[in-house]
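The values are calculated or read from the model by the stated rules, or taken from the named source; none is laboratory data. Keep in mind it's a predicted model, so treat the numbers as computed, not measured. Because the Cβ atoms are built from the backbone with ideal geometry, glycine has one as well, and the counts that use them run over all protein chains shown. SASA here: full protein model, heavy atoms, side chains in, ligands and nucleic acids out. Shrake-Rupley method; radii C 1.70, N 1.55, O 1.52, S 1.80 Å.
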Amino acid sequence: MSVLSGGLLAGLALPAVGALGLTAKNTAESFEDIPDDFKTPPLTQATQIFDAKGGLIAKVYERDRTVLAADQMSPFMRQAQVDIEDARFYEHGAVDLKGVLRAVGKNAESGTASQGASTLTQQYVKNVNVEKAGDDQAAVREAQRKTLGRKIQELKVAIKLEEDLTKEQILTNYLNITFYGNQAYGVEAASQRYFSKSNKDLTVAEAATLAGMVQNPSAFDPVRYPENTVKRRNVVIDKMVENKHLTADQAKEAKAAPLGLKYKDPQNGCITARAGMGFFCVYVREVVKQDPVFGKSAAERKKFWDQGGLNIYTTLDPDKQAAAQDAVSGNVRVTDSVSAAATMVEPGSGKILAMAQTRPFGLVKEKNQTVVNLNVDAAMGGGNGFQPGSTFKPVVAAAALEAGLPPTQEYSSPNRLEYPTMKMCEGTWKNTGRPKTVVPNESASEKGPYQLKQAMALSVNTYFVQMEEEIGLCPVKQMANKLGITAKASGKPLEEVPAMALGVEEVSPLTMANVYATFAAEGKYCTPKAITKITTVDGKDVPAPAGQCTQVFSEDTARALNTILNGVTENNGTGAALNLEGNRQIAGKTGTSDHKKAAWFSGYTPQLATSVWLGGPNGGVEMRNITINGKYHTEVFGADGPGPIWRDAMNQALRGAPKQSLKMADIPDPAPKPDPTQTATGSPNAPATTPPATTQPGPQR
């Protein structure tokens, strides 16, 4: 066999055969070392990502391929491929001696190596080597090199395969692995690409067209060179007649048929996702590449994703996605200097129901496109996040209520306040600035005393700093951690500073939506969930992230928070103008960051939590004297910027859903203030004084 192999290669490609002895020796030594993956190679396939109602979001792949069983293939396809590539396939073993002699003779006559004698099995082995190389171009070139050693190695494997597999198995594997041009690997992808139908439904003429392309997919590309393709197709048909697999009449009919292309461009990646869903598609990809359930190491998870062949079913609700996308697009223009992003989460499950933003998914900057998902953290395909402003204050309130403070807790809440000394998880924070750093309230008339419900409704900064002083910074940080704020959106650790109460730690809309979903679920925190089920293309289940839910604070605290945050959206609260259709009961909080560079509204009903951010995509736009969606704003606040986006998104998302009531606590309103001109500073027991006017302004509303 080694002599025959040497002769084969000498006749085909080499001017001399002096290396035959060495070749024979090397072949004999390792003849039995055939990797199992040559028998059933793990072929890369396309992965499909579906929304919660079964609609296709996107198709992603390293190689577009759908593996078929033999009975799922067209019999015309199988026969045509054999007749044109290796007509004696069923008669010979790994080597076709007649083919070798014919090729040697032809090449000797022409003085070239123009005709080969590789059997279909040998071609299959070569394709497996190329497949193993993946996207490593150097490895691909090595797998395709026409060298003596490479040919002998392929022949060795082919001989062993002919012992271990039936001819039908080898042919099926070959038809699943072969490249048919235009990013189509295997006969199913090729059938869908060129004829928009399944391979089993191909006509004789269509099957012959695909079979003829294998020799040179570029030269016989039916899109670019239809005349060449028809000629090659007819050669295949003649071969089928010659081998008595078609009658003359069948051949005549097939040759008379038009090419009949119904070509579909390759649709690969999240950039092809349905309108507005590209960012969520990327998020799903990052979940697979980062969750240990898909592999212990990053390399294993990447291989799992690249291998493909998956059907990934997600939590994305297409109706709620449309509601969120309509809201952000209807209130902020793509060409505006600012952008908006909105995430919807289902309370009690952590399911991500919608993820939308104004800037479209894409790479064309001139069209204001971006691939940065403004809804998520940097590690998941997002940016570095944005300061949430006063939407963080409920986290402080939750920590205080859990620490035993009553929902009627009162503080002096002066108009301006020097940051006081506060206990940390380790050590003590001290205001060592010269002059000392001061936090102001929004307006000169905003001064206490206030109780929690009123302070939240009016978003009184000094109140929450005093609350933070009483319970310490550590409980606030720990509550943030319990609610999923374990780090900044950039991945940097949270800073344990008093300004934490005012929302200076940059976070993402997904993080804040899930915080408010926990409020809606009476203290039940669930990790964000994007994937519900994964199966392989042949129907086998693949383990998917299970998600975890934990009770992070008591139902009493949750009901108090519902009442307090409901007050924000009623009477004189900062979100009083954001009523929903049908007068649905809602709770939420406005937020505006330092210098008006970000504005938020995060809120919920019992069945849906939504967080909306508005600001410059890179965080550098001060929203003062600015025009958004054609409307001029002297300055933007949470209620008049993101608030209407939240209202529009929630109205559309909940239309037709049953009205549900929040579980509330009975919190009495405070008695009227005895002296509205009184001011105070420091802790609730400190004397009434006013800090010097020379101190620095606070960092946050």
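State whether one or more residues within segment 627-635 are open to solvent by 80 Å² or more (accessible area, probe 1.4 Å), over 19 Å from Q325 (Cα atoms) and in contact (Cβ under 8 Å) with a residue 12 or more places away in the chain.
No, there is no match, as no residue in segment 627-635 is open to solvent by 80 Å² or more (accessible area, probe 1.4 Å), over 19 Å from Q325 (Cα atoms) and in contact (Cβ under 8 Å) with a residue 12 or more places away in the chain.
Output the residue which, of all residues in segment 235-251 that are of a type outside the set (S, T, Y), open to solvent by 70 Å² or more (accessible area, probe 1.4 Å) and part of a loop (DSSP other than H, G, I, E, B), is farthest from N182 (Cα to Cα).
K244
Within segment 568-577, is there a residue that is hydroxyl-bearing (S, T, Y), buried (at least 24 other Cβ atoms within 10 Å of the Cβ) and more than 30 Å from the chain's Cα centre (by Cα)?
For segment 568-577, residues hydroxyl-bearing (S, T, Y), buried (at least 24 other Cβ atoms within 10 Å of the Cβ) and more than 30 Å from the chain's Cα centre (by Cα): present.
For segment 448-468, give me the residue count where each residue is charged (D, E, K, R) and open to solvent by 20 Å² or more (accessible area, probe 1.4 Å).
Adding up the residues that qualify gives 1.
For segment 366-383, give me each residue that is open to solvent by less than 40 Å² (accessible area, probe 1.4 Å) and not aliphatic (A, V, I, L, M).
T370, N373, N375, G381, G382, G383
Against the conditions (1) in contact (Cβ under 8 Å) with a residue 24 or more places away in the chain; (2) open to solvent by 40 Å² or more (accessible area, probe 1.4 Å), where does R224 fall short? Just the number, please.
So the condition that R224 fails would be (1).
If you take the residues of segment 310-361 that are open to solvent by less than 10 Å² (accessible area, probe 1.4 Å) and hydroxyl-bearing (S, T, Y), which of them is nearest to V284 (Cα to Cα)?
T314
Which one of these is surrounded by fewer than 21 Cβ atoms within 10 Å (Cβ to Cβ), among the hydroxyl-bearing types (S, T, Y) and out of contact with any Gly (no Cβ under 8 Å at 6 or more places or on another chain): S445, S490?
Checking each option against the conditions leaves just S445.
Which numbered condition trips up N182, out of (1) in a helix (DSSP H, G or I); (2) over 18 Å from V236 (Cα atoms)?
That leaves (1) as the condition not met.
Suppose the filter is outside any loop (DSSP other than H, G, I, E, B), open to solvent by 50 Å² or more (accessible area, probe 1.4 Å) and modelled with pLDDT under 55; does K98 pass it? First the steps, then the outcome.
Values: outside any loop (DSSP other than H, G, I, E, B): yes; open to solvent by 50 Å² or more (accessible area, probe 1.4 Å): yes; modelled with pLDDT under 55: no.
No.
Six or more apart or on different chains, Cβ atoms under 7 Å: show the pairs whose first residue is in segment 384-400 and of a type in the set (S, T, N, Q) and surrounded by fewer than 24 Cβ atoms within 10 Å (Cβ to Cβ) and whose second is at pLDDT 95 or above and assigned to a helix (DSSP H, G or I).
N384/A378
Quick one: in segment 56-83, of everything that is open to solvent by less than 10 Å² (accessible area, probe 1.4 Å) and among the small types (G, A, S), which residue is farthest from L210 (Cα to Cα)?
My answer is A58.
Restricting to segment 419-436, and then to whatever is open to solvent by 50 Å² or more (accessible area, probe 1.4 Å), touching a Ser or Thr at 6+ places or on another chain (Cβ under 7 Å) and of a type in the set (S, T, N, Q), can you tell me which residue is farthest from A499 (Cα to Cα)?
Of everything passing the filter in segment 419-436, T428 is farthest from A499 (Cα to Cα).
Table: residues versus (1) modelled with pLDDT of 95 or more; (2) open to solvent by 10 Å² or more (accessible area, probe 1.4 Å); (3) within 20 Å of K423 (Cα to Cα).
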{"site": "E470", "(1), (2), (3)": "yes, yes, yes"}
{"site": "G503", "(1), (2), (3)": "yes, no, yes"}
{"site": "Y516", "(1), (2), (3)": "yes, no, no"}
{"site": "F519", "(1), (2), (3)": "yes, no, no"}
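Only one of (1) over 30 Å from S554 (Cα atoms); (2) part of a loop (DSSP other than H, G, I, E, B); (3) modelled with pLDDT of 95 or more; (4) not aromatic (F, W, Y) fails for L374. Which number is that?
Against the list (1) over 30 Å from S554 (Cα atoms); (2) part of a loop (DSSP other than H, G, I, E, B); (3) modelled with pLDDT of 95 or more; (4) not aromatic (F, W, Y), L374 comes up short only on (2).
Failed condition for A560, given (1) open to solvent by 10 Å² or more (accessible area, probe 1.4 Å); (2) touching a Pro at 6+ places or on another chain (Cβ under 6 Å); (3) of a type outside the set (F, W, Y); (4) more than 30 Å from N368 (Cα to Cα), with all others met?
Tallying (1) open to solvent by 10 Å² or more (accessible area, probe 1.4 Å); (2) touching a Pro at 6+ places or on another chain (Cβ under 6 Å); (3) of a type outside the set (F, W, Y); (4) more than 30 Å from N368 (Cα to Cα), A560 fails exactly one: (1).
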